[in-house]
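Student: My structure is below; once you've seen it, I'll send some questions.
The values are calculated or read from the model by the stated rules, or taken from the named source; none is laboratory data. Here the structure is a predicted model, which is why all the values come from computation and not from measurement. Backbone-built Cβ (ideal geometry, glycine too); neighbour counts: all protein chains shown. The accessibility values were calculated without ligands, DNA or RNA, using every heavy atom of the protein model including side chains. Shrake-Rupley method; radii C 1.70, N 1.55, O 1.52, S 1.80 Å.
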Amino acid sequence: MKLFRKTRQKLLSEKKVSNYLVYALGEIVLVVIGILIAIQINDWNRDRELDQEELKSYKLIIADLKKDSTLFKAYQGHYTKYMDTYFLMNHLRKSQGSFKNTLPDFLVSVVEFNPVTQKNHQIYIEKYRNAQIRDLINTYFRRLNQANQATEEFNRLITEESRPFLLQENDTFNNKVVFDDTDRTFPPLRGISALDTTKLKGVFSHQDFLPILSSLRMSLGFYLTSLEFAMVENHKLIKSLESSLE
């Protein structure tokens, strides 16, 4: 700036007005270029900071996605037993097979679906700068929403149709188990059925039993299929996020 000031004073003292104006204009342009460069550098630094923050959040999402994956495998393993029970009940209805190695309580038991990723990260996704990652996460969340819908539909079927029909209308409880004075825990959690299989067999011929059983089978099929789709998107998203961190 000292040099610029001396140059301007020299031009003015020599009364070289045209040269002074050209010089002043050049000086202004130089200052503007300097400001633009400073702004660009600031933008680059800000972009780098945002990218680093986003990469850090990827690590948190990956950790939650892996928790989801573990849950999904547990859900799939457990609720497939529900499906096995429904098919077995259909065979028993036709006097095929036995109650051995099955738990009739799956006819009146609800299912669970509680992944953590969407709850912990939903509000941050639209701020992500990587459009591909953002799209993959939104696709995963849509699969989770579908599985949630399937969960609600199945549980509503259990609470509004199957339980009232089996436990109230036809009283299929095994009261010896329900009121066992030596054990006040929840019998199905220990693999002991709270339903009386003899009473249950008597319900097989009821006109409403097969429609309810069919509804349970189809609704659970929707749940398990939605769960499988969510698992596929979960693995795909983990792979993409881990690749972005390399």
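Student: Got a sec? What order do E161, E153 fall in by accessible area at 1.4 Å, biggest, i.e. largest, first?
Tutor: E161, E153
Student: Using only the Cα atoms of the stretch 164-246, build the gyration tensor, take square roots of its eigenvalues as a ≥ b ≥ c, and label the shape rounded, prolate or oblate: rounded if a/c is under 1.5, else prolate if a/b is larger than b/c, else oblate.
Tutor: It is oblate, given that a/c is not under 1.5 and a/b is not larger than b/c.
Student: Shifting gears a bit: So if I place +1 on the C-beta of Lys and Arg and -1 on the C-beta of Asp and Glu, and nothing else carries charge, what would the dipole magnitude of the stretch 135-226 be about its Cα centre? I want it in debye, nearest 20.
Tutor: Using only the charged Cβ atoms, the result is roughly 260 debye.
Student: Within the accessible area of the stretch 110-157, what % is carbon and sulfur when the probe is 1.4 Å and the other protein chains stay in place?
Tutor: With neighbouring chains kept in place, the figure for the stretch 110-157 is 43 percent.
Student: Something else now. Working out 0.36 nm times the residue gap between T197 and E126, then minus their Cα-Cα distance, what length gain in nm do you get to one decimal?
Tutor: 20.3 nm
Student: Given H placed on each backbone N at 1.01 Å, which residues far from F173 in sequence or on other chains put an amide H within less than 5 Å of it?
Tutor: The answer is D196.
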